[in-house]
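One structure below.
Every read-out reported here was derived from the displayed coordinates using simple, explicitly stated rules and does not represent laboratory data. Computed from a prediction, not measured in an experiment: that's the story for all the values here. When we count neighbours, we look across all protein chains shown, and the Cβ atoms used for this are built from the backbone with ideal geometry, even at glycine.
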Amino acid sequence: MKTIETKIKELLAYNDVEPVYDFTVKGRNNSTNPLDFDNIMKTQENLMDELKTLARANNTLLGRTMRFPMADSYALYVVTKVNKTTVEVTWVKWCDAWQDDRLGYQGSLSLQYATQNIKGRDALDELFSRKKAEQQS
């Protein structure tokens, strides 16, 4: 669990980073600057993937992400604490940096809701990965 907590802190540290936008090739980003917007997003995605793997291996919701639809994207939150009946979630400044109006920077959700939300996304991920594998074979 310490590894999960450390990875969550790494992910949330990017909430305080102000990205740069370095377009070195006309219309395409090839920047090697770690503070470049695209590079920050890639690093965050890698951390979220690691957290997902670690959380599944430890059979916990801690470190899993939740999405809430906003405009043409979504607000992204990470589960930072799991209690008996609730989970605490903290906003992740990712992509468009949307925040859910009800949760703001940090909030509490029922454990049941969080479990259903994450299981539902896992089921969709599984479905799409199977379809993709079928198409490639």
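Table for the structure above
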| read-out | value |
| --- | --- |
| Simple label model, 7 Å out from Cα along Cβ direction - residue 113 to residue 20, nm | 4.1 nm |
| Radius ratio Rg over Rh of the chain, counting only Cα atoms, Kirkwood formula for Rh | 1.00 |
| Extension gain (nm, one decimal) between residue 32 and residue 130, 0.36 nm per residue minus Cα-Cα | 31.9 nm |
| Exposure proxy ranking, count of Cβ atoms within 10 Å, fewest first, for 6, 115, 32 | 32, 6, 115 |
| The chain: calculated mean residue ellipticity at 222 nm from DSSP helix runs of at least 4, using -39500 (n - 2.57) | -15000 deg cm²/dmol |
| For segment 2-136: relative contact order, % (alpha-carbon pairs under 8 angstrom, 6 or more apart) | 17 percent |
| Under 9 Å, Cβ to Cβ, from residue 65 - net charge with Lys/Arg +1 and Asp/Glu -1 | +4 |
| Cβ-based net charge around residue 88, under 15 Å, with every Lys or Arg adding one and every Asp or Glu removing one | +3 |
| Extension gain from residue 74 to residue 9, taking 0.36 nm per residue of separation minus the Cα-Cα distance | 21.3 nm |
| Within-11-Å neighbourhood charge of residue 53 [Cβ basis; K, R +1; D, E -1] | +2 |
